[in-house]
Amino acid sequence: MKPFFSGLVCCISVLAFQVHGTNYGFYGYEPQRISPLRFADRPVVRKPFPHNIQGAQNTVNIAVHGSNYRFHGYYYHLPPRIAPPVTYPRPTARPEQPVSTHNGHSSVRADTGTQCKSRPLDLVFIIDSSRSVRPGEFEKVKIFLSDMVDTLDIGQDATRVAVVNYASTVNIEFLLKTHFNKVDMKQAVSRIEPLSTGTMSGLAIKMAMTQVFTEPAGARMRSQNIPKVAIIVTDGRPQDKVEEVSAQARGAGIEIYAVGVDRADMQSLQQMASAPLDDHVFYVETYGVIEKLTSKFRETLCGVDPCTLGNHGCEHICVTTATSYYCKCHDGFLLKEDKKTCAKEVKAAVTADPCKCEAQLAFQSAVQSSIQALTTRLDEVTKKVQQFEYKLRGY
């Protein structure tokens, strides 16, 4: 029995030492643990134990702690155990949703996230917040508006934006003259609250035409030729007449895009939108994918800069303006009558006899060149004065 109990105590001691991971001496010997190496790729080494230490040494579990250990007259070195790298599942990309046009064709449009230089616009969003639009869906509409603001070139002399919120009543959230930077505009969009009643689309279009697309509200003068664009977003059938008031708005020079969501009535969308309907009527199945229309409107609303494309015809310098462009010449050259090509400036020759024909021709050429230079500079000054007047008037 005594050997049995002695063996049992020995086994229990060994197990306890392995659990606690500490070196303990057997047979009166003290532990001598060797510090672990720094490199994980070192091979296992088995060497004779030092001669001045005899007996067996029990150590912590080498499979767990991975360091240098002595056992039965030998010491071992194992590389430290390295935990496997933590990996996270790759997020599953949400499939692109089709965007349907008036003719029923659909295409997958991915938002590239790029920003284009849009042509100057007076742009009004008319958004439906009737009871059929759930709070979460209305938040999707506001995200769509913010994405559109990021896409456009916002500014007093660039694109101006207003928002009209409607249900059975109409609320003008902000006018074209209210915000001229993206930060303030997006904050104003985030504060819009749904009205949660009926769907008076015709009334909303009428108020946009009579109270938003006006010079006192910030719309540019007709002489500036700034396009007026309205984008109406709705998910239902209008409770009032939209055909006549939409025709009046289009007749006043307002280009209307109609976006239908879910239960939207296609016939009403067609009555509101401008022609051709294939380019002005859009439909998405849910508000969850309405932001996919951002790329479509980016293609539609972004203007073409003739100076960038190189089709301006200017021989020397092309200068882009808010509505068009004009040509300039380098120093020492004058703009010709075609307003595109340049001629080298001819200075009047100094002659002793001003009565000679050569002197008269040189004088006439110098006078003509001076008149052309003055005319060009007068045009530039006139444009600057007009821009200054627009700013003073608050346009």
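Only the coordinates and a few stated rules stand behind these numbers; no lab work does. Computed from a predicted model, the values in this text were never measured in an experiment. Here the Cβ positions follow ideal geometry from the backbone for every residue, glycine too, while neighbour counts run over all protein chains shown.
Results, tabulated for the structure shown:
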{"quantity": "Residues with amide H under 5 Å from that of F174, placed H, sequence gap 5 or more", "calculated": "V163"}
{"quantity": "Kirkwood-Stokes translational diffusion coefficient of region 263-302, alpha-carbon pairs, 4 °C, 1.567 mPa s, µm²/s", "calculated": "116 µm²/s"}
{"quantity": "Kirkwood Rh and Cα Rg combined as Rg/Rh, region 118-227", "calculated": "0.97"}
{"quantity": "Above-threshold pairs, the threshold being 27 Å between Cα atoms, out of K328/K391; K296/K339; K142/K228; K186/K384; K177/K383", "calculated": "K296/K339; K186/K384"}
{"quantity": "Solvent-free Debye scattering, log10 I(q)/I(0), computed from the Cα coordinates of region 201-257 at q = 0.24 Å⁻¹", "calculated": "-0.99"}
{"quantity": "Amide H within-cut-off set for E255, under 5 Å, with H built and near neighbours excluded", "calculated": "K228, V229, A230"}
{"quantity": "Solvent-free Debye scattering, log10 I(q)/I(0), computed from the Cα coordinates of region 190-291 at q = 0.11, 0.12, 0.22 Å⁻¹", "calculated": "-0.35, -0.41, -1.23"}
{"quantity": "Packing rank of 386-392, 204-210, 138-144, 215-221, where each peptide gets the mean count of other beta carbons within 10 Å, highest leading", "calculated": "204-210, 138-144, 215-221, 386-392"}
{"quantity": "Hits among aspartates and glutamates - C-alpha to C-alpha of K336 under 16 Å, sequence gap 8 or more where chains match", "calculated": "E315, E345, D379, E380"}
{"quantity": "Packing-based ranking, highest mean first, of 189-198, 234-243 given that Cβ atoms within 10 Å are counted", "calculated": "234-243, 189-198"}
